[in-house]
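Undergrad: Dropping a structure here in structure tokens format, bear with me for questions.
The values are calculated or read from the model by the stated rules, or taken from the named source; none is laboratory data. Fair warning: this is a prediction, and the values are worked out from it, not measured in the lab. Cβ placement follows ideal geometry from the backbone for every residue including glycine, while neighbour counts extend to all protein chains displayed. Remember, those area values only see protein heavy atoms, side chains included, never the ligands or the DNA or RNA. Shrake-Rupley method; radii C 1.70, N 1.55, O 1.52, S 1.80 Å.
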Amino acid sequence: MNADMDLRIGHGQDAHRLRPGLALVLGGVRVPSPHGLEGHSDGDVLCHAVTDALLGAAGLGDIGMYFPSSQARWKGAHSLALLRRSWRLVAGGGWAVESLHVVVSLESPKLSTFREEMEKNLSEAVSADVGAVNVTSTTTDGLGFVGRYEGASASAVVLLSRRKR
Ligand code: MG
């Protein structure tokens, strides 16, 4: 890494409740499933964690400041679109994404076949090379709220860089 670059690490975390009959949207991808995530927006826990990681790294607060669930205008919003809007704020500060990794904790369904599409969506949303964006998933082996099919969580880590000012 170049010595005249500033680097910032961001970490975002989120969890949403699973409900039967709702759409399951993760990383902007509709995943076939008997249950989906509840939320004021589309409940895309993956995009929410990534948004918070980006905003946090840039010192710009968190997703709730910009898209509060108290505001009707964000009801049913596509979280990938909210991520794009958040990225414009971060990019306005001169930042670029060096790497982004997000881990989704979900008991089922398996997400491996949707990973590539999620990574493509995320990389486009944050103007990063698709090779710099990684989505992985895990179960919790039956433990906790994820293991009981009560919800899903996501944790994202991002590295931002910009030229020193
Ligand atoms: Mg959320």
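Undergrad: Return the aspartates and glutamates within reach of LYS75: Cα separation strictly under 15 angstrom, same-chain partners fewer than 8 residues apart disregarded; answer none if there are no such residues.
TA: Straight-distance partners of LYS75: GLU38, ASP42, ASP44.
Undergrad: Once every DSSP H run of n ≥ 4 in the chain is given -39500 (n - 2.57) and the sum is divided by its residues, what mean residue ellipticity at 222 nm do you get, rounded to the nearest 500 deg cm²/dmol?
TA: Details: 5 runs with 45 residues, N = 165.
Per the formula, -7500 deg cm²/dmol.
Undergrad: Something else: Using a 10 Å Cβ count of at most 15 others and DSSP loop calls, identify the longest part of the chain lacking such GluC sites (Glu not before Pro).
TA: Numbers: sites that count: GLU38, GLU150.
Counting only loop sites that pass the neighbour cut-off, the longest clear stretch is 39-149.
Undergrad: So how much slack lies between SER70 and SER161, counting 0.36 nm per residue of separation and subtracting their Cα-Cα distance, in nm?
TA: Details: separation 91, 0.36 × 91 = 32.76 nm, distance 3.31 nm.
Fully extending the segment from SER70 to SER161 adds 29.5 nm.
Undergrad: Please provide three numbers in whole Å: the alpha-carbon extents of segment 64-147 along the principal axes, with the largest listed first.
TA: 41, 36, 18
Undergrad: Semi-axes of the equivalent ellipsoid for segment 22-63, please: Cα gyration tensor eigenvalues, times 5, square-rooted, ordered largest first, whole Å. Present the calculation step by step, with values, prior to reporting the outcome.
TA: Working: eigenvalues 118, 18, 6 Å².
Largest first, segment 22-63 gives 24, 9, 5 Å.
Undergrad: Then there's this: Please arrange HIS78, HIS101, HIS40 by accessible surface area, largest first, computed with a 1.4 Å probe and ligands excluded.
TA: On the way: HIS78 130, HIS101 80, HIS40 50 Å².
Ranked from most to least accessible, the order is HIS78, HIS101, HIS40.
Undergrad: What is the local net charge at LEU100, summed over the other residues whose Cβ is closer than 13 Å to its Cβ (Lys, Arg +1; Asp, Glu -1)? Each step should come with its number before you reach the end.
TA: Working: positive: ARG8, LYS120; negative: ASP52, GLU98, GLU119, GLU124, ASP129.
Every neighbour counted, the sum reads -3.
Undergrad: On alpha-carbon atoms, Rg over Rh for segment 114-165 using Kirkwood Rh? Walk me through the numbers before you get to the answer.
TA: Numbers: Rg = 15.1 Å, Rh = 13.4 Å.
A ratio of 1.13.
Undergrad: Given 4 °C and 1.567 mPa s, how large is the Stokes-Einstein diffusion coefficient of segment 1-106 in µm²/s, with Rh as the Kirkwood radius over Cα pairs?
TA: 89
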